[in-house]
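Every number in this text was worked out from the coordinates using simple rules, so none of it is lab data. In this text the structure is predicted, and so the values were computed from the model without any measurement. As a convention, Cβ positions derive from the backbone with ideal geometry for all residues, glycine included, and neighbour counts pool all protein chains shown.
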Amino acid sequence: MPNHSDHLWQKEIAEFRCEMAANEMLHDRHDEARRLLDEALVVNRKCVRATLLLGDLAAKVGDGETAIDCWKRIEQQNPVFLALAAEKLLAVHIQLGRKEQGIQLLRGWLERHPSLDLLDSVFRAELDNDGAEAAYALVRDELRRNPTLLGLDKLLEAQILVAPPEKRADLELIKNLIHNHTRRVARYRCDACGFKARQFYWRCPGCGGWETYPPKRTEEFDITI
Ligand SMILES: [Zn+2]
């Protein structure tokens with residue numbers, strides 16, 4: 001029992017350091033922010049938020065390589081949170097002139113830890129880099145592997161992009177029907193108390209728990225049932 005409560009406190013203390021660090025970053029006090037984030041990781045080495053912010057900090061001061069190294073570490077800490085780093089990771093790769101490598105990395109994450117938000121990031125990257133057909137193929141393969149309504153919603157979006165003009169109106173109609181339904185399931189849910197929200201929170205507004213929201217949508221609606 002004492003171990004359990006110690007662990008809870010460690011998590012809270014680390015989160016508190018992160019809140020302070022985020023505030024320091026807002027005021028460009030980078031050294032102070034880094035010190036607080038290092039402390040957070042000493043208290044709780046699994047603190048995803050500290051790792052994410054260390055990456056943000058490195059990116060902010062133009063150290064893209066360190067930023068990438070930080071964000072990649074999230075996969076070992078808690079891969080559910082990778083989606084929070086996906087867009088930034090790609091942006092920094094593009095800045096460094098290594099877009100392809102960034103997309104490959106995201107594809108690897110999606111392969112190992114499927115989630116709708118990761119799929120969304122990879123979809124947009126593929127669309128931008130390789131065009132509508134490649135983006136469509138990506139979503140189709142992903143939907144086969146992981147059949148959810150939210151995935152179907154995404155597939156229809158991709159299909160509209162590659163469809164001949166005369167088919168688009170029908171597809172739009174279907175997509176809108178599905179979308180009205182998926183809006184209700186596309187929510188984040190607190191692991192501790194079940195509170196649902198449209199946006200991701202580090203601290204649950206329902207129970208006050210820290211990092212109780214996996215940034216993953218309630219997408220377990222299996223369309224094969
Ligand atoms: Zn909660």
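Across the range 50-56, in residue order, what do the Karplus-derived ³J(HN,Hα) couplings come to in whole Hz, using 6.51 cos²θ - 1.76 cosθ + 1.60 with θ = phi - 60° and x for Gly and Pro?
Calculated HN-Hα couplings, in order: 5, 5, 4, 5, 4, x, 4 Hz.
What ranking, highest mean first, results for peptides 115-124, 88-97 when packing means the other Cβ atoms within 10 Å averaged over each residue? Working shown, then result.
Working: 115-124: 21.4, 88-97: 17.5.
Per-residue mean Cβ counts within 10 Å order the peptides as 115-124, 88-97.
What distance in nm separates the two pseudo spin-label positions at D28 and K46, each 7 Å out from Cα along the beta-carbon direction?
3.8
Would you kindly state how much longer the chain becomes between N176 and D128 on full extension, computed as 0.36 nm times their sequence separation minus their alpha carbon distance, in nm to one decimal? Intermediate results must be reported in sequence, preceding the final value.
Details: separation 48, 0.36 × 48 = 17.28 nm, distance 2.36 nm.
The span from N176 to D128 would gain 14.9 nm if fully extended.
On C-alpha positions alone, give me the angle between the axis of helix 116-130 and the longest principal axis of the chain, in degrees, nearest 10.
60
So if each residue of separation counts as 0.36 nm, and I subtract the Cα-Cα distance between R203 and D69, what length gain in nm does that give?
Numbers: separation 134, 0.36 × 134 = 48.24 nm, distance 2.57 nm.
Result for the pair: 45.7 nm of gain on full extension.
Per the Kirkwood formula on distinct C-alpha pairs, the Rh of the chain is how many angstrom? Walk me through the intermediate numbers first.
Working: mean 1/r = 0.0524 Å⁻¹.
Kirkwood hydrodynamic radius for the chain: 19.1 Å.
Name the lysines eligible as straight-distance cross-link partners of K167: C-alpha to C-alpha under 19 Å, and not fewer than 8 places from it in the same chain.
By straight Cα distance, K167 reaches K154, K175.
Once both axes come from the Cα atoms, what is the angle between helix 83-95 and the longest principal axis of the chain, in degrees from 0 to 90, rounded to 10?
Long axis of 83-95 versus the principal axis of the chain: about 90 degrees.
Counting Lys and Arg as +1 and Asp and Glu as -1, each charge on the Cβ, what is the dipole of the chain about the Cα centre in debye, to the nearest 20? Please list the in-between numbers first.
Details: 33 positive and 36 negative charges, 97 e Å.
Taking the Cα centre of the chain as origin, the dipole is about 460 debye.
On a 0 to 90 degree scale, rounded to 10, what angle separates helix 2-26 from the longest Cα axis of the chain?
Tilt of helix 2-26: around 80 degrees.
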